[in-house]
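The values are calculated or read from the model by the stated rules, or taken from the named source; none is laboratory data. Please read all numbers here as calculations on a predicted model, not as lab measurements. Virtual Cβ from ideal backbone geometry, glycine too; neighbours counted across all protein chains shown. Remember, those area values only see protein heavy atoms, side chains included, never the ligands or the DNA or RNA. Shrake-Rupley method; radii C 1.70, N 1.55, O 1.52, S 1.80 Å.
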Amino acid sequence: MNAAARNTRPSRNVRTLNREILALAVPAFATLVAEPLLILVDTTIVGHLGTAQLAGLTLASNVVGVLVGLSIFLAYGTTATVARRLGAGDRRGALSGGMDGMVLGLLIGLALFLGLVVGAPSILGLYGSSPEATGYAATYLRIVALGLPAQLVSLASTGVLRGLQDTRTPLYVAVGVNLANIALNLTLVYGVGMGIAGAALGTALSQWAGATVLGATVLRGAARHGVRFRPAFGGVLAAARSGGWLVLRAATLQAAITVTTFTASGMGEVALAGHQVAYSLWQTMAYALDAFAIAAQALIGLRLGAGDVAGTRRITRRVLVWGVGFGIVVGLLLVLARPVLGGLFTPDPRVHAVLMVTLVVLACIVPVGGVTFVLDGVLIGAGDARYLSLAGLLVTVIYTPLALVVRAMDAGLAWLWAAYGVWIAARAVTLWLRARGTAWMVVGR
């Protein structure tokens, strides 16, 4: 094929690249924000029960976030594996590997549920918060743990569908889960009068509904291609081994936010409540930015599986443009909306005052997060988990003493989030240095 013909190929056209990216990223947006929106709903409803209840939700949400974050390899690793095998022409192998990940997710979720039922008070006691806030946190955590097996099955099922270049089905399920969560929480918290326990139960029930639909969708698709659901120990073990580096990567991310929450917990209930609102907003925006990273995972895995190195580079550049641009827009909107956001989550004017400054800092972090999340997704799609984990470990080791200095100086919540922004920026630099090279672009199945 001559140069002129190559230059007219649709996959090399910027408009075509944009369509490919947005076709995956837009539906993935709603799927990615599903869990943060569940937390936002809980935060809004529980926040009007009282400051102590909101502080308790902060602690419990952090524990759940750590556990689910460590298990994110079920989605990310499965997406990369399924997309790469699909690009190499092995759809049956892609579906088989994806179902092994779903079984692994169920087993991990059951183990975590049992561990939290027994160990919730001991785990929450490590945060050193007030007895009242810790008591509410234990109540919430033990009940919401019922939904952990469902969450992890949903992660793996979503990864399978993304790898198959389908982000629409998870979108529809995410919308249904959030609508169910709102209805259940309002009914159980205020209608039945269960308080914070009702918010936890409503969230767990909605998660099980979503997992049932997603799992059934994957199984039906496998049956259509002659792939039977036969859980095999070898396949499940292989899925666990392949996710090892991604678990370490996730551990560094969760360690950073846990250190941040630990620091906030020593600043008093007002700062801790403000941190819960800021963290809920950050999670929502971060997952929204990560929608472009999910598109990159699927498209890069597909192209590397097919041996298209040049196409991989073009996708990387184009997704970065979208991620950074979107981050700038979201940051500006956050600054404009901050006078309203405080009253939406809590009636406490002391929390409002803390948020007015903290949300400006958060708005500055978001565009930098666009670079971090997009490049993270690019390298996950390429299977470069080892570098991701080691780079994440390095910047987290540097960040930890910085956050602890903020706590020792009692510098306030805004300075704590500024320190967290340094961590985000350091990750962006390490990922950009890696993406500039070619060592991560390994082709083939």
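How many residues does region 400-445 hold that are among the hydrophobic types (A, V, I, L, M, F, W, C), touching a Gly at 6+ places or on another chain (Cβ under 6 Å) and open to solvent by 20 Å² or more (accessible area, probe 1.4 Å)?
Summing the residues that are among the hydrophobic types (A, V, I, L, M, F, W, C), touching a Gly at 6+ places or on another chain (Cβ under 6 Å) and open to solvent by 20 Å² or more (accessible area, probe 1.4 Å) in region 400-445 gives 1.
Could you check region 19-90 for helices (runs of 4 or more DSSP H) lying wholly inside it with 1 or more residues that are of a type in the set (F, W, Y)?
73-87
Please tell me if M99 is more than 20 Å from the chain's Cα centre (by Cα), surrounded by 18 or more Cβ atoms within 10 Å (Cβ to Cβ) and under 30 Å from S242 (Cβ atoms).
The answer is yes for M99.
Run D166 past the list (1) at pLDDT 90 or above; (2) surrounded by fewer than 17 Cβ atoms within 10 Å (Cβ to Cβ); (3) among the acidic types (D, E) and report the number of the one that doesn't hold.
Condition not satisfied by D166: (2).
Please go through region 328-381 and pick out each residue that is in a loop (DSSP other than H, G, I, E, B) and open to solvent by 10 Å² or more (accessible area, probe 1.4 Å).
Listed by number, the residues that qualify are P347, D348.
Is there a residue being more than 29 Å from L49 (Cα to Cα) and either in contact with a Gly (Cβ under 9 Å, 6 or more places away or on another chain) or among the hydrophobic types (A, V, I, L, M, F, W, C) (or both) anywhere in region 355-365?
Checked region 355-365: at least one residue is more than 29 Å from L49 (Cα to Cα) and either in contact with a Gly (Cβ under 9 Å, 6 or more places away or on another chain) or among the hydrophobic types (A, V, I, L, M, F, W, C) (or both).
Okay, residues lined up against (1) touching a residue at least 40 places away in the same chain (Cβ under 8 Å); (2) within 25 Å of G128 (Cβ to Cβ); (3) hydrophobic (A, V, I, L, M, F, W, C):
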site: T346; (1), (2), (3): yes, yes, no
site: P349; (1), (2), (3): no, no, no
site: V357; (1), (2), (3): yes, yes, yes
site: C364; (1), (2), (3): yes, no, yes
site: S389; (1), (2), (3): yes, no, no
site: T430; (1), (2), (3): no, no, no
site: G437; (1), (2), (3): no, no, no
site: M441; (1), (2), (3): yes, no, yes
